[in-house]
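Enquirer: One structure, as structure tokens, below. Some questions next.
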Amino acid sequence: MAQYNVTYLCGHKEIVRLFGPGDGRRAELARLGRLDCPNCYKKRRDAEHKAEAAEAAIKAQDLGLPQLVGSEKQIVWAESLRAAALASPTNTLIPEDKAVLDTPEKKGLYDIAKAARKQLETEISSKWWIDNRSNLCRYVVQCMADARNDWFKGLTGEEVK
Ligand SMILES: [Zn+2]
């Protein structure tokens, strides 16, 4: 192990400890020299997130979406999650008059999809958006799949494979 002075791309200097063979250390030093320091990186990333969120907030307002609630940090994050979720094709429904709803099951699934879409459009809790983030871009289809699975279980006692 040894300590090295690194000058980052942003001009800030820092002492770093590096391990391993000399070649690896030189490569790591060169790599660090092409980056901003952790502080500047974080500042820039935070600023980018804020700018993204501000843009998303303006779009949200244009779309008539409700104002999100939560801490400033949560809102920044949730605003981006909401924008991506609402734009996702698997969360987008064709209009009811164009949908083929010729069986009660299709009609039922469409109603569930509509309710799920409505939840995305009206959910104001930033915490909800953050808690559900792994599933948001296919939220509507997932709600339909879950409902279908429940019905199937009700009929047969088994899950849809
Ligand atoms: Zn810096």
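Every number in this text was worked out from the coordinates using simple rules, so none of it is lab data. These numbers were taken from a predicted model, which means no experiment stands behind them. Don't worry about glycine lacking a Cβ; one is built from the backbone with ideal geometry, like all the others, and counts go over all protein chains shown.
Enquirer: Cβ-Cβ under 9 Å, sequence separation 6+ or interchain: first residue in the stretch 1-30 and closer than 21 Å to Y41 by Cβ and within 10 Å of the ligand (Cβ to nearest atom), partner of a type in the set (F, W, Y) and assigned to a loop (DSSP other than H, G, I, E, B). Which pairs?
Expert: These pairs meet every condition: E14/Y8.
Enquirer: With (1) in contact with a Phe, Trp or Tyr (Cβ under 6 Å, 6 or more places away or on another chain); (2) within 13 Å of the ligand (Cβ to nearest atom) as the list, and G33 as the residue in question, which single condition is left unmet?
Expert: That leaves (1) as the condition not met.
Enquirer: Where in the stretch 66-156 are the helices (runs of 4 or more DSSP H), entirely inside, with at least 2 residues that are among the acidic types (D, E)?
Expert: Qualifying helices (runs of 4 or more DSSP H): 72-87, 104-122, 139-156.
Enquirer: Within the stretch 99-108, can one find any residue that is farther than 30 Å from R45 by Cα and of a type in the set (D, E)?
Expert: Checking the stretch 99-108: at least one residue is farther than 30 Å from R45 by Cα and of a type in the set (D, E).
Enquirer: Tell me which residues, restricted to the stretch 53-92, are among the small types (G, A, S) and more than 16 Å from V140 (Cβ to Cβ).
Expert: Within the stretch 53-92, A53, A54, A56, A57, A60, G64, G70, S71, A78, S80 meet the criteria.
Enquirer: Does E52 qualify as being assigned to a helix (DSSP H, G or I), more than 11 Å from the ligand (Cβ to nearest atom) and touching a residue at least 24 places away in the same chain (Cβ under 8 Å)?
Expert: yes
Enquirer: Also, quick follow-up: I'd like to check something: does the stretch 60-68 contain any residue that is without any contact (Cβ under 8 Å) to a residue 12 or more places away in the chain, within 13 Å of the ligand (Cβ to nearest atom) and not hydrophobic (A, V, I, L, M, F, W, C)?
Expert: no
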